[in-house]
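The values are calculated or read from the model by the stated rules, or taken from the named source; none is laboratory data. These numbers were taken from a predicted model, which means no experiment stands behind them. When we count neighbours, we look across all protein chains shown, and the Cβ atoms used for this are built from the backbone with ideal geometry, even at glycine.
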Amino acid sequence: MKLRFVHLVALLLAALLPAGAAPVEPAPTPSAPAASAPAASAPVAAAVTPAATPVTPAEPGSLTAGESFAPADLLAWARNFGTPLYVYDGDRIAANYRRVAAAFTALYPATRLHYAMKANTNPAIVQILRREGASAEVVSDGELQLAMRFGFPPREILFTSNSKSPLEIDRAITVGAILNVDSEDELEQIAQRAATIGAAARISFRLNPAVDPHTHAKIATGVIDSKFGLHFVDGSAMRAVKRALELAPRVRLVGLHSHIGSQITEPEPFQLAAQEMVDFVVRIRRELGVKLEFVDLGGGLGIPYHDGEETMSADAWAAAQSGPLLAAREELEGELPQLWIEPGRALVADAGVLLTRVNSVKTTPIKTFVNVDAGFNTLMRPILYEAYHRVRVVGKTGGGKVVEIAGNVCETGDLLAQTRDLPPIQAGDLLAILDVGAYGFAMASEYNSRPLPAEILVRAGRPVDLIRRRGTLDDLLRGTNVPLDLR
Ligand code: LLP
């Protein structure tokens, strides 16, 4: 790899500076005028060239990013940046976006992809997707404000939440984002706030199609007993639409939304939910003359977390999501709404690897524990959803020893992986936990007073970028205050 002069300087500086004080380049300037470079806390784009050559770009459909990183690169990055370390393959994220977008536009050209920011809010990751053409789906005032800072036009941002505070409602109305309304109570509040502010609120309704998505119970959202959405069976969806029409022009109904869950691996639930939604779209068109700008059918496309697992392709997802709308063309007199989708995991999960160092190995009467320097504070999915993530011992292959990968949090449940047949492991070895680009860092915490991990971005033909510096002791204390009498 050719080293440019600036990279040599950066390399030198990185070697001279203490850890965490890497040289800072200006944040990339997004093209949209609304964008302002995120404030001091956000992207630290330090160009630090690793010893080894960077990755070859991963082909869509090839092995996960973790597999396409060369072991020598992973070892070098772990040495340079420390562990635990989140490593993202930026080219793979762009390729994922293009694959999903192409699958939809081939069938339904008027599709718009709203990245579900909650999956990974690192500004550098979001910028890759924004530059690919994504809009944003947000779930809090924090995400709304971040999305605007990142340069997403506010009018394209959809704000979904079952529980919006008055402040969140006000902000969304003021900036012109679309409020995805979850209840009749919330609808009334929005109308009142819009009147007070003197602006029109653009809204959609989140509907609950009562479909079982066959996924983990904690992430199934469109089932009848979940907290999300208005229902067809009790008439609340229809009542809400009628009420929104009465509240015009203070409230302007522009779309309908559903999101039935996450990590869904088969097309049928999507197809069923889409059909329920389209039946309702046709009904309100016929009975009330409502014409919608968009129908948003949510995210939820799963990825294969296991070796050899086959999950639904983006093409199959696109067919399931768009089929019912296309079939309703006549009933909608040729005026089809835009189709919006909100993938999170499918865009970023397989592009992320967590590197963690083995501290010690211990055999007990029953099991062998490999103690690593990450825990559920670093990666929460295993303890929260019994989630399975593949583990590789960097630089070793094969198997031979069944072990538990034990996190460093003081709780028995903190096992990052269980009963894994791995090559012999010893203290100092580096492990790679795969498919952690979505809901990995995003759900990390400082529990047990362990600072947050660092994140790096790898792209072919470019130096590796530190996109979030490792947390520090000061970060652990940030914002705290000890009253004078307690000092
Ligand atoms: N739209 C809405 C309204 C959502 O609530 C979500 C995710 C998405 C889109 C994106 O879903 P995706 O395409 O990523 O499946 N922490 C869990 C996943 C929680 C998903 C929450 N909602 C996990 O680690 O599996």
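Quick rundown of the values:
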| item | result |
| --- | --- |
| Pair list, Cβ < 7 Å and 6+ apart or interchain, from segment 332-347 residues that are under 13 Å from Ser204 (Cβ atoms) to residues that are within 16 Å of the ligand (Cβ to nearest atom) and of a type in the set (Gly, Ala, Ser) | Glu342/Ala116; Glu342/Gly298; Glu342/Gly299 |
| Filtered residues of segment 179-220 (kept if touching a Pro at 6+ places or on another chain (Cβ under 8 Å) and either of a type in the set (Phe, Trp, Tyr) or within 18 Å of Glu137 (Cβ to Cβ) (or both)) | Pro213 |
| Strands (runs of 3 or more DSSP E) fully within segment 107-168 counting 3 or more residues that are more than 23 Å from Asp89 (Cα to Cα) | 158-160 |
| Test: residue in segment 302-310 that is in the same structural domain as Ser236 (by TED's automatic domain parsing), in contact with a strand residue (DSSP E or B) (Cβ under 7 Å, 6 or more places away or on another chain) and modelled with pLDDT of 95 or more | yes |
| From the options Ala427, Ala417, Ala432, residue that is hydrophobic (A, V, I, L, M, F, W, C), assigned to a loop (DSSP other than H, G, I, E, B) and either within 16 Å of the ligand (Cβ to nearest atom) or touching a Lys or Arg at 6+ places or on another chain (Cβ under 9 Å) (or both) | Ala427 |
| Top-ranked residue of segment 380-414 - restricted to ones that are touching a residue at least 60 places away in the same chain (Cβ under 8 Å) and of a type in the set (Ser, Thr, Tyr), ranked as nearest to Thr364 (Cα to Cα) | Tyr388 |
| Residues located in segment 259-291, provided they are within 16 Å of the ligand (Cβ to nearest atom), more than 19 Å from Ser236 (Cβ to Cβ) and either part of a helix (DSSP H, G or I) or without any contact (Cβ under 8 Å) to a residue 24 or more places away in the chain (or both) | Pro267, Pro269, Phe270, Ala274 |
| Candidate set: segment 163-186, residues that are over 17 Å from Ala147 (Cβ atoms) and surrounded by 23 or more Cβ atoms within 10 Å (Cβ to Cβ); chosen: the one farthest from the ligand (Cβ to nearest atom) | Val181 |
| Segment 294-314, residues that are among the acidic types (Asp, Glu) and within 16 Å of the ligand (Cβ to nearest atom) | Asp296, Glu309 |
| Selection within segment 195-243 - part of a helix (DSSP H, G or I) and basic (Lys, Arg) | Lys218, Arg239, Lys242, Arg243 |
| Single match in Ala195, Ala217 (criterion: over 16 Å from the mean Cα position of the chain (by Cα) and more than 28 Å from Gly302 (Cβ to Cβ)) | Ala195 |
| One residue from Ala387, Ala374 being within 12 Å of the ligand (Cβ to nearest atom) and either in a loop (DSSP other than H, G, I, E, B) or at pLDDT below 95 (or both) | Ala387 |
| Residues that are over 20 Å from Tyr305 (Cβ atoms) and crowded, with 22+ Cβ neighbours inside 10 Å, drawn from segment 197-218 | Ala201, Ile203, Ser204, Phe205, Arg206, Leu207, Asn208, Pro209, Val211 |
| Check on Val394, over 21 Å from Ala444 (Cα atoms) and in contact with a Leu (Cβ under 6 Å, 6 or more places away or on another chain) | yes |
| Evaluation of Ala438 against (1) crowded, with 20+ Cβ neighbours inside 10 Å; (2) part of a helix (DSSP H, G or I); (3) hydrophobic (A, V, I, L, M, F, W, C) (one fails), failing number | (2) |
| Positions within segment 109-126 being away from the ligand (no atom under 13 Å from the Cβ) and either surrounded by 24 or more Cβ atoms within 10 Å (Cβ to Cβ) or farther than 22 Å from Ser262 by Cβ (or both), in sequence order | Pro109, Ala110, Pro123, Ala124, Ile125, Val126 |
| Segment 139-160, subset closer than 17 Å to Gly300 by Cβ and buried (at least 21 other Cβ atoms within 10 Å of the Cβ), residue farthest from the ligand (Cβ to nearest atom) | Leu158 |
| Residue pairs meeting the criteria (Cβ under 7 Å; at least 6 apart or on separate chains; first farther than 9 Å from Leu434 by Cα, in segment 348-364; second of a type in the set (S, T, N, Q) and within 16 Å of the ligand (Cβ to nearest atom)) | Val348/Asn120 |
| Lone unmet requirement of (1) in the same structural domain as Pro213 (by TED's automatic domain parsing); (2) buried (at least 16 other Cβ atoms within 10 Å of the Cβ) for Glu335 | (2) |
| Residue ID - nearest to the ligand (Cβ to nearest atom), chosen from residues in segment 435-453 that are within 17 Å of the chain's Cα centre (by Cα) and of a type in the set (Phe, Trp, Tyr) | Tyr439 |
| Criterion (within 14 Å of Tyr305 (Cα to Cα) and surrounded by 15 or more Cβ atoms within 10 Å (Cβ to Cβ)) met by exactly one of Ile405, Ile425, Ile383, Ile433 | Ile433 |
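For (1) closer than 28 Å to Tyr97 by Cβ; (2) without any contact (Cβ under 8 Å) to a residue 40 or more places away in the chain, each residue gets a yes or a no:
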{"position": "Ser140", "(1), (2)": "yes, yes"}
{"position": "Ala147", "(1), (2)": "yes, yes"}
{"position": "Ile178", "(1), (2)": "yes, no"}
{"position": "Ser204", "(1), (2)": "yes, no"}
{"position": "Thr215", "(1), (2)": "yes, no"}
{"position": "Asp225", "(1), (2)": "no, yes"}
